[in-house]
Amino acid sequence: MDNNYAQIIAKKLNLSVKQVSAVIELLNDGATIPFISRYRKEATGSLNEVDVLSISEQLESLQQLKKRLESILKSLKEREILTDSLHSELKNAETLTELEDIYLPYKPKKRTKATIAREKGLEPLAKRIYSQSNNPLKIFEFVNKSKNVNDDQEAIEGAKHIVAEWISENSDNRNLLRNTFQKHAKLESKLVKKNANHENADKYKDYFEWKEPIQYAPSHRILAIMRGKSEGILSYKISPDQETTMNQLSRFIVTNRNAPGSRHLNSAIEDAYKRLLLPSLETEFTNILKEKADETAISVFATNLRELLLASPLGQKHILAVDPGFRTGCKVVELDKQGKLLQNFTIYPTLGAAKEKEAASIISKVCSQNKIEAIAVGNGTAGRETETFLNDLNLKTLVISVNESGASIYSASQVARDEFPDLDLTVRGSVSIGRRLQDPLAELVKLDPKSIGVGQYQHDVNQTRLKNSLENVVSSCVNSVGVEVNSASAQLLTYVAGLGPQLAANIIEYRDTNGAFKSRTEMKKVPRLGAKAYEQAAGFLRIGNASNPLDSSAVHPECYTIVKSMAKDQGCSVTDLIKNKDLRDNIDLKKYVTDKAGLPTLTDILNELDKPGRDPRPEFEIFAFSSDVQKVEDLKTGMKLPGIVTNVTNFGAFVDVGVHQDGLVHISQLANTFVKDPNDIVKVNQKVEVTVTEIDIKRRRIALSMK
C-alpha cells in the first residue's frame, strides 16, 4: 500500500497534491474543517468546506486501511508465512476489498471440507485436476482406507473440495464475479407467507413480488426491503442469473476441455460458485447496497437539516409563543428579544364562548401592554384552530405557524430541565417554539438532529456515519452564521470550531462569573481555552458592542493588523473604514499581500468590512396557510393551496398545507420536466403552491402536485 496519502487522495478527488498535502498537514496540526476552509485559503488553494471534509474522510479511510494492513502483516509474521512477494502485494493494495482478497488464501480458517481433504493427502490429486494437463489422474494412487479414502469416488470428492476452495479464494475469479454482480445482479424480494397477516405487512405490499437490477435500485427501496426483512415480513436475495454466471466462470477457468480431469473441474467450479462464492458475494453486495443506500439517505438528511438550520430567523423580537391544545389549553409564554422567559400562562380558547372570551381578553391585554411584535404558534394539535382564534382578534401583530417537530423531546431533555427545572413540559415546549421563530439555528442545536423529522429511513442507516454527518452539518451551519458569545447557549457554543462541550461550559461559567465578554482577547482568560482553541474559534465568535468593531465581524484577530494598516493608509479609523464605502473602494489589496494573507483572505476581509458580522441566512418571509382548510376533511381534489416543504426525500417532497398531515408531492409531480433529484427543485422550508390530486381520509394520505 502506497503511504503517500496525498497522491492517492488527490487522484481520487481530482485535486492537486499540493492542496491535499496542505489540508492533511493542517488536520494533523489540529485545525478544524470550518477554520481550514474559511481562514487558510492560501494554503489550500481556496478549497471549500465540502472538499476539505472529503479529504478528511479519505484520509481516515486510508488510515483504517493501514491499520488493517499492519494487523494482517503481524498475523502472517507470527505464523511465519510472510514472503517478500506477498508483503509487496499487500502493501500495494489500494482498497480494503483488494487487501482482504489477497489475504483470503492465508487467512486462518475453521476446519473446512478442503482442510479435511488435505489431511487425507488429496491435495496432489487436486493439483492434477486444477492443472488441466493431459496426463492421467491416477486416482487409484490416493485410495487409502487408513486415511478414510475408501474408493475413487471419495478421492475425487475430496480433491474437488480443495479445488473449489482454490477457485473461491482466487482474486481474479472473485473480481470477475464482482463485475457480473455489479452489472447483472437483481434484488428480489418476496413475502414471508407465515407473516402475511402481520400488522405492518400492508406497508410492504409493493415488495411481495419484486425484482429489479441492483444498479438501478434507489436508496429508499433498498432500505424499505431491508426493513421489511428485519421485521420478518419480507425475504430477499441478491444474485445474477446462476447458469449464465457459472458458464462465464467456467470459460474463465477452463483452458483444456479435453483434460482427463475436465468434468471434475467443472463440478468443482459449480460447487465453488454455489457453496462458497455466491453466499460470500451476496453478503458483500448486500453490504455494498446497504452502504450506498445509507450514503444517499444520510446525504438527503444532511441536505434537509442544513436547510432547516439555516432557515430565516425572525430576529430579536419581543414575542408570545403558544403550544396549542384543546382540552388541556394553550400554554403561552412571553419571551424578550433575547429569548428570555418573562412569564407563562394558559388559555382555553376552544372550550366554549366564555373561555374563548377570557382568552381573547388576556392575549389582547398582554400584546397591547407589552408591545408584542409577533406570536409563534406550534403547528401540532389545535394549531390551526389557535391561529384562527388569534387572527380573529385583529391584534395587528404577526401570527406565525412554527414547525414544532422535536419540541416535546427538547422539553423532556436534560438541557430543558437544567434551564427550567420548575416548569411543566408543555411550557418548556412553548419556549422552544418561540425561540425557533427568533433564531431556528440557536434553538435546534439543542436537539438530537434525528428528532427534527427531516430524514429518510434515518433509523435504518449506519448510526455512527449518520451521527458524524449530521454533526458536521450542524458545525458547518453554526460556524457559517457565527455565534454571539455573550448570549449563546452552551449547546450552540459546543459546535464552534475548536471548542466542544467542555470549553463551551467553561465559557458560560466565565461569563456568569465575570459578566459579558468585552473583547475577543478576553476569551483567552477562559480556563483551558489555549492558543490553538482560540485560533480555531475566534473568527466564528462575535462580541457585540465591543470597543474594537472587528470583534463583531468574521475578520480573524490574526488579520486585525492588516485592517489597521488599511485604515491608516486611508487616513481614518477602522470604524470609519467600515462605515465609508468610498474609503474601502480606494484600497489596493495587492499592497497588503503577505506570506500568510494572500488575495483570497484579503478579498474576504474587504467583503466582511462591507457588512460586518452579516448573517448569511435569507430574510424572513411571512407565510400563512389557506384559511379555508384546517383538517384533512376540508380538502377537495383540485384545490390550490400554499404550503411549506417539510421534508425532501429521493422519491419526492412532503408539504405541510395546514391540515396536521403532510401531503406528498411525488418526484413525478414536482415539475413539468423530468426530475432526477428532488433537491434540484425544492428545499426544506421552501414556500410552494400545490394542487391537491388525491385524498385518502382513512389512511390519512394526501397526494399533491406542483405541476
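Here are some notes:
- Part-to-part distance (alpha-carbon centres) for the range 9-51 and the range 313-391, which is given in Å: 49 Å
- Burial ranking of peptide ranges 173-185, 26-38, 534-546 (average Cβ count within 10 Å, highest at the top): 534-546, 26-38, 173-185
- The range 160-198-the range 55-123 distance, computed between alpha-carbon centres (Å): 22 Å
- The largest-to-smallest principal axis extents of the Cα set in the range 535-669 are 69, 30, 27 Å.
- Among 400-407, 596-603, the order from most to least packed when residues are scored by Cβ within 10 Å on average: 400-407, 596-603
- By the rule of a C-alpha distance below 16 Å, with chain neighbours fewer than 8 residues away ignored, the aspartates and glutamates paired with LYS631 are GLU385, GLU387, ASP656, ASP662, GLU694, ASP696.
- Anisotropy class of the range 158-217 from Cα gyration tensor, a/c 1.5 cut: oblate
- Secondary structure note: in the chain, about 75% of the DSSP beta bridges are antiparallel.
- Acute angle (nearest 10 degrees) that the helix 262-271 long axis makes with the longest principal axis of the chain, alpha-carbon atoms: 30 degrees
- The angle separating the long axis of helix 599-610 from the principal Cα axis of greatest extent in the chain is about 30 degrees.
- The mean sequence distance of close C-alpha pairs (under 8 Å, at least 6 residues apart), as a share of the length of the range 5-106, puts its relative contact order at 20 percent.
- Cα centroid of the range 557-585 to Cα centroid of the range 414-470, whole Å: 41 Å
- Karplus 3J(HN,Hα) series, Hz, for the range 579-596 with 6.51 cos²θ - 1.76 cosθ + 1.60 (x for Gly, Pro): 7, 10, 5, 4, 5, 5, 5, 7, 6, 9, 4, 4, 5, 10, 5, 10, 4, 9
- Per DSSP, loop chymotrypsin sites (Phe, Trp or Tyr not before Pro) in the range 644-675 with at most 10 further Cβ within 10 Å: PHE674
- 0 to 90° range, to nearest 10: angle between helix 278-309 axis and the chain longest Cα axis: 10 degrees
- Long-range amide H partners of GLY652 with built H, under 5 Å: ILE667
- Listed residue pairs exceeding 21 Å between alpha carbons, taken from LYS290/LYS450; LYS636/LYS676; LYS41/LYS524; LYS568/LYS590: LYS636/LYS676; LYS41/LYS524
- Global dimensions of the range 198-255 from alpha-carbon coordinates: Rg and Dmax equal 15.8, 55 Å.
- The relative contact order of the range 72-220 comes to 18 percent, based on Cα pairs under 8 Å that sit 6 or more residues apart.
- Per residue convex hull volume, Cα atoms of the range 1-109, in Å³: 105 Å³
- Using C-alpha pairs under 8 Å with a sequence gap of at least 6, the mean separation divided by the residue count of the range 651-707 gives a relative contact order of 36 percent.
- With bins 5 Å wide beginning at 0, the percent of Cα pairs of the range 113-302 falling in each bin runs 1, 8, 14, 14, 13, 12, 10, 8, 8, 6, 4, 2, 1, 0.
- Taking 14 Å as the straight-line reach from the Cα of LYS67, the aspartates and glutamates in range (excluding those fewer than 8 positions away in the same chain) are ASP2, GLU94, GLU100.
- Percent breakdown of C-alpha pair distances by 10 Å bin, ordered from the shortest bin, for the range 632-705: 22, 57, 21, 1
- For the range 234-239, 3J(HN,Hα) computed residue by residue from phi via the Karplus equation (6.51, -1.76, 1.60; θ = phi - 60°) reads 10, 10, 8, 9, 10, 6 Hz, glycine and proline entered as x.
- The charge dipole of the chain, taken about the Cα centre with unit charges on the Cβ atoms of Lys, Arg (+1) and Asp, Glu (-1), comes to about 1040 debye, rounded to the nearest 20.
Just so you know, all these numbers are worked out from the coordinates, no wet-lab data involved. Remember, it's a predicted structure, so these values are computed and weren't measured experimentally. Quick reminder, even Gly has a Cβ in these numbers, built from the backbone with ideal geometry, and neighbours come from all protein chains shown.
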